[in-house]
Each structure stands twice: as structure tokens, then as C-alpha cells.
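Quick one: the structure is below, questions incoming.
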Amino acid sequence: MNINFALIFFAIGVAFFFYNAAKKIAIIWKAKPENRFDKISTRLKSLLIFGFGQKRVFRNKIAGVMHAALFWGFFLLFLVNVNFASEILFNYSLIHLLGKAGNAYLAICQITSAIVILSVFYFIYRRIVTKPKELTLDWDGLICLFFILGLKASDLYANTFATNQNKIYAEYGHLLILLSFLNYMPFSKYLHIFLALPNIFFKSLKSFGYLPYFDVENEKNLTAENQKDFCLTRFSWKQMLDTFACMRCGRCDAVCPANISDKSLSPKTIIQKLNKNLARKNENKNIISSNELWNCTTCGACQQNCPIFIEHLPKIIELRRFQSMIAGNLPPETQLALENVISAEGQIKFGNPYGTQKEQKEDWTKTLPFSLPKIYENQKFDILLWVGCGGASDSRLQKIPQNLAKIMHNSGVKFGILGKEEICCGEWIRKIGNEYLFQIITRENIEIFKRYGIKEIITFCPHCYNTFKNEYQEFGSDFKVWHHTEFLANLMKRKKLHIKSKDFSMKNIVYHDPCYLGRYNNIYEEPRRLIDWKICANIKEMGKSREDSFCCGGGGGRAFMEETEGQKINDIRLEQLLKSDPDIIATACPFCFMMLDDSLKKKNIEDVKIMDIAEILNL
Ligand code: SF4
Ligand code: SF4
């Protein structure tokens, strides 16, 4: 009779869980289709490394180890839970069937339970005492920790200390806690126990920061009345799954430059707000404020640091698309920069955000001791040097193409420029969400490249590089693109790089990794190799470098926006770089150059210089 009661109780508990879980799954199921079932072996490998191996979790040393102990402990103790259920429901011990192996397993489980209990105490201590800024300190986290504590304490008691009579009570207690926890989970952040591994398995295998195609001809995309309707039309099932899988660990907030500089942007909160508002019927259909959206520099640190591969960037840009194309809500200074490039109707104006006249776009070439072939003069060359809007317009940045051109010329590379025919690549226009104008510019550029038979492009701007390499393909581009550090490192490898001279005296250089070069395109070594070669020594590494680099504050269209909230991101980054006490801060991105140079000037620091790698090589 008792057993029947337990069985009914167990069945009802499990059924309730499945009922509530099914409601969540239905929301994900109804979202836009997207194929994430490709490259299964790559996906399984990621699952092994990042899911079961917890690779990203370990970035946070102590909390990472403790989380891994909890995670692995859960797996190891799974059979104990099944055994408890079997003993209570069927009076049958599965583990004792295993004989000596079963006893050994139970002994390991006792140690594991003790470790899991220790981890739980650590996490409770962290929530109540140390309270890191990035953690959401709500009851949900604590309730779940107490559930886990109850589960593991009853495990340990039943298998270690309890008499036969008490053991059965401990097992009943365990089952009761398990069913309560199971039914609490669909409403808590601990839903990630079920969703984290699938989320890792279905992670994006496209280029970092890949943005879903937006059909500007499709009216449905442009008729949404509010953010909520827009997101529900645009988000794929994986974007929805992300919002349910988030475990609110705050690792994204901890590395977000906007959040660190006290601006109103928390990538974790964005995911949480989307989850709450997209999944429920409510009045507030404009979910994320303009400030939150425009504060993002698209540096991608959040996405790179998320242990379960939640994709923040496509969601933020999708919401910016609504702001830009439907709500018409751009910061005024950005609107001006945009109008300098192209009119709202799609007519190219100056073709650059600075308002530089066509005739002035070649001014930077005037100081060169040789003349550069221009494409419109029908001069033949092998590779196009893409100068970019900043390189052609800003006197500080003009040094970059000048130095690069000299190196390429001296190294015997046959290259030329578009000159007055060059227009913006559209990168930042896409990042501020104006997909309509981005696509016009993209098609215009592809048409120019095809008309002149351009097959290879070299650019010193990682933003142009990323757009050409990873975004233009979807619109029919067919050319190879090099970042100048890649190109020069390749020349160096082939012993064809000719620079003025090596310099043994330049030792005090620190390198700032631009987000769009490192994080987006995994180019970390080439810039370092070039500097090492020039100075005949290994460059100094700073703490926040490579994958852990910190944004300069200029990405995502932020270079064309006022920074009115919180601290300036470029000041924070400069402080980090100055800790290495450098004479030269090297970088390989015109946006980073400008942002860091602005900060240097503001602080009146004259004994430190910001230099692009091309300039350093040419010293
Ligand atoms: S998005 Fe990822 S890193 Fe951020 S809180 Fe959620 S799980 Fe943690
Ligand atoms: S992309 Fe960078 S700035 Fe934007 S939310 Fe993520 S970490 Fe913050």
C-alpha cells in the first residue's frame, strides 16, 4: 500500500514537471526555424570540451572549480538517485546487484556527496557574504542551493550514517526534495541543468558575431509595432533557447566594458528581460531601453565568456534593427554620420561618415615618394589597398595607409587604390541596425569589385576586414581579404618583407588586441610576430590581452556616438595598458588607435605614443 502511494506520488511529481517543461519547449518550438543540426561531430566535440569538460567555466578560477565539482558530482550521483527511487518504489536495490563494484561506487559517492556539499556551502557563502557584482542575488539561487544541499545531505546520511530504519526515511526525504526541486526548476535559473548541454551542442558554428540575414524586401520584417513582436518574428528557436538556458552566472557582465564602466547595459539582464517578456503575455512590449542597446560596443566579450555559448550579439543587433529601421530612433550624432555616408533613400552622399569630399579621399597619398595606381585610371595591380573611411579622412589615421603603402612598395607588392571611388564598407551601419542601407552599400561595393576584377584586398581596419571576410559572402562577394598584419606576416615568412631597419632599442611596447581582429577573427599571433621581428625580442604581454582583451569603446558604431553615461571606456583601457609602463602602445585597428589616442590627449600624456603596427615597422 505504501509503495503504491509512493509510486503515485512520484508519477504525479514527474508528470507536473513534464507539463511545465513542455510549456517552455512549446515557446522554443514555435520560433523561427534554423538549421543547427549540421556538423554533428564538431558539435559533439564542443559538447565534450565545453559541456562535460566545463572548459569556459574554469576561466573563473575558484567558482569554476566549485561549479565543476557540482556538475560532475551530479553525474556521478545520478545512479544513487535512481537507486533510491528503486528502493522506495520497488523495494529493490540496483547498486547491490553490482556486488563489490556497487560497494566501491557507493564509497566514491560518499566522498562525492561531501565535495558537492562543500561546493554548495561555497556558493551560499559567495551569495551571502562576498556578493560579486555580476551575480543576481535573489532568492531563486539560494532556494536551489538549499535543494541541492538537501539532496546531497540525504544521500550522504542514507549511505553512510543511517540505520536500516532511518535509511528509508532518508530515502523518502531525498525523493521528496528531488520532486520538489524538479518542479521548481522550470521556473528558476536552474533550468540550465537541462538546457545548458543542448545549448552548447547547438552553439553557432558560423563566424564569431554572425548576424542572421535580414530580408529587407519582406514586409513582415518591417511591420512589427514593438520590440516584442519584432523579436518573435525574427528570433530563431536557438535564440529563444538561449534565453531559457541562461544561468544568470553574470560572467558576461563581468567582462562587459559598458557594464564595467557603469553604463546602463548588462548583457545578462538583456537575456533575462527577453526571456521574461517574450515568454509571457504582458503590457510592456518594448523590452530593452534605447540606452541599453546603444551602449553596446559589439566587442563580443560577453558572448566569448558565456560558459554555455549564449549569443548576445545577434539579439542586440536584432533589437537595434528595430530601433533603426522601424522606430527611427538613432542617437542624433549617429544620424548625422549616417547621412554623410548615404541618404535614407539609399543615395550615396560622401560615402564616409566624416563628410570627406570625393576629391579629398586621396590627399593622404600626397606625401608618398611614389605615385599609387588608381583603379579608375585603368592601371593594373595585383591587390587592392582598402584605405577605409578613417584612413582617408582623419589626419592621425592617414599615417597608417602611408606607412603601409611604403612597406608594400619597398617589398615589391603590386598594389593600387580605389581612391575617390572608395565608399564605406558599411560595417558600423550594420551594427547600428540599419540593414537596409548596409545592404545597398554592400551591393554597391561588390559591384565595384566585380567591375574592376578585384580578387584580393588588404585592409588595416579589422572592422572592414571582418565585414569583407565574414559578411559580404552572403551577398555574393568573391575575393580574398587580408588584414595588413596577416599580409605582412606572410611576407615576412617568405622573407619578402622589407622594412627600414630592425630596432634593438625599442623594448617598451605593449600590444592592444582589437576585438574585431582577435576575438572575431582569431588573429593574435601575426601582430606579435611582426613586432617581435622588428624589435628582435619578445613583446611584453599584459594581463588583459588576447581573448581577455578589453574593448577601446569604439566598436558597434560607438565611435559615432557621444559617451555620456558612466566612465569612458577608452580611459579604462588606457589605464590598463599604462600599467605595463610602455613607451609605445601598439595596435592594429584605426578605431582603437583613435579611441586610445583621444584618451592619451585628454590626460596630456606625451611620453607614450599610440602606433599602428605598420608605423612601428617603418620607424
Ligand atoms: S548569458 Fe551566459 S554568461 Fe551571461 S549570465 Fe547567462 S549564462 Fe551566464
Ligand atoms: S558585446 Fe561587449 S559591450 Fe556589448 S553587451 Fe557584450 S560585452 Fe557588453
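The values are calculated or read from the model by the stated rules, or taken from the named source; none is laboratory data. Owing to the predicted nature of the structure, the values given are computational and were not obtained by experimental measurement. Because the Cβ atoms are built from the backbone with ideal geometry, glycine has one as well, and the counts that use them run over all protein chains shown. In case anyone asks, the SASA skips ligands and DNA or RNA and just uses the protein heavy atoms, side chains included. Shrake-Rupley method; radii C 1.70, N 1.55, O 1.52, S 1.80 Å.
Matching residues to (1) of a type outside the set (A, V, I, L, M); (2) open to solvent by less than 10 Å² (accessible area, probe 1.4 Å); (3) within 22 Å of K358 (Cα to Cα); (4) at pLDDT below 95:
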| site | (1), (2), (3), (4) |
| --- | --- |
| K374 | yes, no, yes, yes |
| C389 | yes, no, yes, no |
| Q402 | yes, no, yes, no |
| V413 | no, no, no, no |
| I429 | no, yes, yes, no |
| L437 | no, yes, yes, no |
| T442 | yes, yes, yes, no |
| N445 | yes, yes, yes, no |
| F460 | yes, yes, yes, no |
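What are the residues in region 235-252 that are open to solvent by 10 Å² or more (accessible area, probe 1.4 Å) and within 13 Å of ligand 2 (Cβ to nearest atom), if any?
R251, C252
Just to confirm my filter: which helices (runs of 4 or more DSSP H) fall fully inside region 530-619 and include at least 1 residues that are among the basic types (K, R) and touching an Asp or Glu at 6+ places or on another chain (Cβ under 9 Å)? Quick ask: steps written out before the conclusion?
On the way: elements: 569-578, 590-602, 613-617.
In region 530-619, 590-602 are the helices (runs of 4 or more DSSP H) which contain 1 or more residues that are among the basic types (K, R) and touching an Asp or Glu at 6+ places or on another chain (Cβ under 9 Å).
So in region 279-304, with the set limited to residues that are assigned to a helix (DSSP H, G or I) and buried (at least 21 other Cβ atoms within 10 Å of the Cβ), which one is farthest from ligand 1 (Cβ to nearest atom)? Break it down stepwise before answering.
Restricting attention to region 279-304, the residues satisfying the condition of being assigned to a helix (DSSP H, G or I) are 279, 290-294, 301-304.
Pick out the ones that are also buried (at least 21 other Cβ atoms within 10 Å of the Cβ) and you get 293-294, 301-304.
Numbers: L293: 16, W294: 20, A301: 10, C302: 6, Q303: 8, Q304: 10 Å.
Ranking the candidates gives W294 first.
Considering only region 579-618, state which residues are open to solvent by 30 Å² or more (accessible area, probe 1.4 Å) and touching a strand residue (DSSP E or B) at 6+ places or on another chain (Cβ under 8 Å).
Correct list: D583, K609.
Related question: Is it the case that region 475-485 has a residue that's open to solvent by 20 Å² or more (accessible area, probe 1.4 Å) and closer than 21 Å to D612 by Cα? Walk me through how you get there before you give the answer.
Going residue by residue through region 475-485, those that are open to solvent by 20 Å² or more (accessible area, probe 1.4 Å) are 475-480, 482.
With closer than 21 Å to D612 by Cα added as a condition, the list becomes 482.
The answer is yes, given that some residue of region 475-485 is open to solvent by 20 Å² or more (accessible area, probe 1.4 Å) and closer than 21 Å to D612 by Cα.
Can you pull out the residues in region 282-314 that are under 17 Å from T233 (Cβ atoms) and not polar (S, T, N, Q)?
Within region 282-314, K285, I287, I288, P314 meet the criteria.
May I pose another question? Looking at region 457-480, which of the residues that are outside any helix (DSSP H, G or I) and in contact (Cβ under 8 Å) with a residue 40 or more places away in the chain is farthest from I531 (Cα to Cα)? Step through it out loud before you land on a result.
Step one: list which residues in region 457-480 are outside any helix (DSSP H, G or I), which gives 457-461, 476-480.
Restricting the remaining residues to those that are in contact (Cβ under 8 Å) with a residue 40 or more places away in the chain gives 457-461.
Values: I457: 23, I458: 19, T459: 18, F460: 15, C461: 18 Å.
My answer is I457.
Right, something else. Residues of region 63-89 being open to solvent by less than 20 Å² (accessible area, probe 1.4 Å), more than 37 Å from the chain's Cα centre (by Cα) and without any contact (Cβ under 8 Å) to a residue 60 or more places away in the chain, which ones? Show your work before the answer.
Here is the first cut: in region 63-89, the residues open to solvent by less than 20 Å² (accessible area, probe 1.4 Å) are 63-64, 68, 70, 73, 77, 80, 83-86, 88-89.
Next, from what is left, pick out any that are more than 37 Å from the chain's Cα centre (by Cα): 80, 83-86, 88-89.
N83, S86 - these are the residues of region 63-89 that are open to solvent by less than 20 Å² (accessible area, probe 1.4 Å), more than 37 Å from the chain's Cα centre (by Cα) and without any contact (Cβ under 8 Å) to a residue 60 or more places away in the chain.
For residues that are surrounded by 16 or more Cβ atoms within 10 Å (Cβ to Cβ) and closer than 30 Å to S324 by Cβ, tally how many sit in region 173-209.
The total comes to 6.
Cβ-Cβ distance below 8 Å, separation of 6 or more or different chains: which pairs start in region 150-172 with a residue that is crowded, with 19+ Cβ neighbours inside 10 Å and modelled with pLDDT under 80 and end on one that is polar (S, T, N, Q) and in a helix (DSSP H, G or I)?
That search, which allows pairs on different chains as well, returns N159/Q110; N159/S113.
Testing L265 on (1) of a type outside the set (K, R); (2) without any contact (Cβ under 8 Å) to a residue 40 or more places away in the chain; (3) part of a helix (DSSP H, G or I); (4) crowded, with 17+ Cβ neighbours inside 10 Å, one condition comes back false. Which one is that?
Of everything listed in (1) of a type outside the set (K, R); (2) without any contact (Cβ under 8 Å) to a residue 40 or more places away in the chain; (3) part of a helix (DSSP H, G or I); (4) crowded, with 17+ Cβ neighbours inside 10 Å, L265 misses just condition (3).
Of all residues in region 97-115, how many are open to solvent by less than 30 Å² (accessible area, probe 1.4 Å) and of a type in the set (F, W, Y)?
0
Just the residues that are acidic (D, E) and in a helix (DSSP H, G or I), please, taken from region 312-366.
We begin by selecting, within region 312-366, every residue acidic (D, E); these are 318, 333, 339, 345, 359, 362-363.
Within region 312-366, E318, E333, E339, E359, E362, D363 meet the criteria.
Considering region 116-149 alone, what residues qualify as being open to solvent by 50 Å² or more (accessible area, probe 1.4 Å) and either part of a helix (DSSP H, G or I) or aromatic (F, W, Y) (or both)?
L118, F121, Y122, Y125, I128, V129, T130, W139, I143, F146 - these are the residues of region 116-149 that are open to solvent by 50 Å² or more (accessible area, probe 1.4 Å) and either part of a helix (DSSP H, G or I) or aromatic (F, W, Y) (or both).
Follow-up. Anything in region 208-248 that is within 16 Å of ligand 1 (Cβ to nearest atom), assigned to a helix (DSSP H, G or I) and not β-branched (V, I, T)? List them, or say none.
Within region 208-248, K238, Q239, M240, L241, D242, F244, A245 meet the criteria.
A further question follows. May I ask you to say which residue of P314, P307 is within 16 Å of ligand 1 (Cβ to nearest atom) and over 25 Å from Y213 (Cβ atoms)?
Answer to the check: P307.
Also, I was wondering about something else. Could you please find all residues in region 513-545 being open to solvent by 30 Å² or more (accessible area, probe 1.4 Å) and within 16 Å of ligand 2 (Cβ to nearest atom)?
Answer for region 513-545, where residues must be open to solvent by 30 Å² or more (accessible area, probe 1.4 Å) and within 16 Å of ligand 2 (Cβ to nearest atom): just K544.
Still on this structure, I have one more. Restricting attention to region 249-259, and to residues there that are in a loop (DSSP other than H, G, I, E, B) and more than 16 Å from K544 (Cα to Cα), which single residue is farthest from ligand 1 (Cβ to nearest atom)? Explain how you work it out, then say what you get.
Initial filter on region 249-259 (in a loop (DSSP other than H, G, I, E, B)): 249-250, 256.
Those left that are additionally more than 16 Å from K544 (Cα to Cα): 249-250.
Numbers: C249: 4, G250: 5 Å.
My answer is G250.
Consider D229 carefully, then state whether it is away from ligand 2 (no atom under 14 Å from the Cβ) and open to solvent by 40 Å² or more (accessible area, probe 1.4 Å). Walk me through it before giving the result.
Working: away from ligand 2 (no atom under 14 Å from the Cβ): yes; open to solvent by 40 Å² or more (accessible area, probe 1.4 Å): yes.
Against the criterion (away from ligand 2 (no atom under 14 Å from the Cβ) and open to solvent by 40 Å² or more (accessible area, probe 1.4 Å)), D229 qualifies.
Which pairs do you get when a residue that is more than 10 Å from ligand 2 (Cβ to nearest atom), found in region 300-315, comes within reach of a residue that is of a type in the set (D, E) and outside any loop (DSSP other than H, G, I, E, B), reach meaning Cβ atoms under 7 angstrom, with the pair 6+ apart or on two chains?
Hits for this filter: I310/D242; E311/D242.
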